[in-house]
Amino acid sequence: MDKMVEFSNLTTELAAGFTTGASVLFNKLPWLKKITLRRGLMAVFLWMVIHVIVQQRLRYARMRYLMRKYPFKTRESYRFMTDQQAFEIQKAILQLEFPFMALKSLQFALFRTYGIPTISSLLARTTEFSDTATAFKRYADTGVLIGQFMAFDPSSNRAHEAIVRTKFLHTNYRKTGHILEDDMLYTLSLFALEPIRFVENYEWRELSDLEKCAIGTYWKSLGDALGISYDCLPSGSEITDVDTSKKKSSFQDGLHWLEEIRTWSHAYEVEKMKPHLKNKEVADKTTDVLTYALPGFMKPVGIQLVSFIMDDRLRAAMMYETPHPVFATLFGILLATRKYFLRYVALPRPYFLRNDFFTHQPDENGRNYVKIWDAVPYYVKPTIWNRWGPAAWLKRLQGLPLPGDDGDKYSPQGYDTLDVGPRHFRGKGRAQMEEYRTQLLEKRKGQCPFH
């Protein structure tokens, strides 16, 4: 009872203090007394009108800027887009225009590959998804490699290192036939196609032809760098230029490449994406990763959302149930609300708030760090901000690990790109990767991949 009286007295004192403070404020600022309900409503209405005018003017400003900066005015001109130009346009999409959905689409692209039994069976055999801990490590490693060759210039050392490490990790599996060349091409196709699909379905505007061409140009070039064959595509074979006698791509431009790989990828799914227990096994472990940050009572909702994002074919292949109609309706409403809020209310993301995932310069030990993470802080530096900042406190409340927790478990010392991957590959392949890098220095200089 005494505590209740004390609490009552405290609230009374706070209310009295607030009233006194408001009175003093009104006395010092006499113009506040002149504000009426009518004037207040008029001010709010005027602010809303100004906001809408400014928002509509700025909302498409970045797309208009890209169209002015890159001089591709006709379909014919797209064939001259360079890898460097495509990278810059795609980077604007990833970091500024659609950062949330672009990231989720890339994560889902990786997830979608597990609907192919030949891919999921290999992953199950390698034990990379034997438990949640190893699944997190593989997810983080894949994010580092893919993220680096998307975040840094095509001719940069950081991009080259990520490409040669990715190529090395897959080389022996490809030579022995454990990874099919068609599966490599299919995986590449998803990293190009899923961002376009996600933007078209869930974002506030569709991609322009310029942006789509940039995505096609970039990923076609990356496929070349990884040694992925396009022979199964109608225009996949190289032809000899009659004027220069040099070999060049039969693809006209990035849009043409996208058209052909979309058709091929769809046909490949129809033929190969079938229900399999290994699909479900790997999908379940990945879903654990995707829903890890959710509190226990919300995890079933997270699983419903994962199922909602799947199409019927993928859902059947992974042996997942159709989302409950109530959840499907709810998710549809939430995504539509987000779309229209971004389209008609939100201002464009400023450059200083761009999604910048990696440190740009190595530390004194030559190691780099991840700057943005979801649930588990692999390769994140345990700075004061990362351990005690606002986001860190939120993660503490969620019971999630922080950078530096559990010793070296989450590699707080950062990463060397040439060692990223399964632990048994650490320190291996240096000579082979150096050979690959020499080839990239000669061939991957940010030039047009169609000439």
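Annotations
- Among the residues examined, Thr126 does not qualify as surrounded by fewer than 20 Cβ atoms within 10 Å (Cβ to Cβ), outside the structural domain of Met184 (by TED's automatic domain parsing) and at pLDDT below 95.
- Any pair with Cβ under 7 angstrom, 6 or more apart, that starts in region 315-336 at a residue that is assigned by TED's automatic domain parsing to the domain that holds Leu277 and surrounded by 13 or more Cβ atoms within 10 Å (Cβ to Cβ) and ends at one that is assigned to a helix (DSSP H, G or I) and basic (Lys, Arg): Met318/Lys280; Met319/Lys280; Thr322/Arg315
- Residue within region 413-434 that is exposed (fewer than 14 other Cβ atoms within 10 Å of the Cβ), within 18 Å of Trp373 (Cα to Cα) and without any contact (Cβ under 8 Å) to a residue 12 or more places away in the chain present: no
- Scanning region 394-450 for residues that are charged (D, E, K, R), out of contact with any Ser or Thr (no Cβ under 9 Å at 6 or more places or on another chain) and over 28 Å from Asp288 (Cα atoms) yields Lys428, Arg430, Glu434, Glu435, Arg437, Glu442, Lys443.
- When Thr118, Thr82, Thr113, Thr166 are screened for being modelled with pLDDT of 95 or more, on the phi < 0 side of the Ramachandran plot, surrounded by 22 or more Cβ atoms within 10 Å (Cβ to Cβ) and among the polar types (S, T, N, Q), only Thr166 passes.
- Among the candidates Leu400, Leu418, Leu394, residue that is within 23 Å of the chain's Cα centre (by Cα) and in a loop (DSSP other than H, G, I, E, B): Leu400
- Annotation note: Cβ proximity below 7 Å between a residue of region 176-198 that is more than 12 Å from Arg112 (Cβ to Cβ) and a residue that is crowded, with 19+ Cβ neighbours inside 10 Å and of a type in the set (Phe, Trp, Tyr) (sequence gap 6+ or interchain) occurs for Leu188/Trp219; Ala192/Trp219.
The values are calculated or read from the model by the stated rules, or taken from the named source; none is laboratory data. Because the structure is predicted, anything quoted here is derived from the model rather than measured. Glycine gets a Cβ as well: all are built from the backbone with ideal geometry, and neighbour counts include every protein chain shown.
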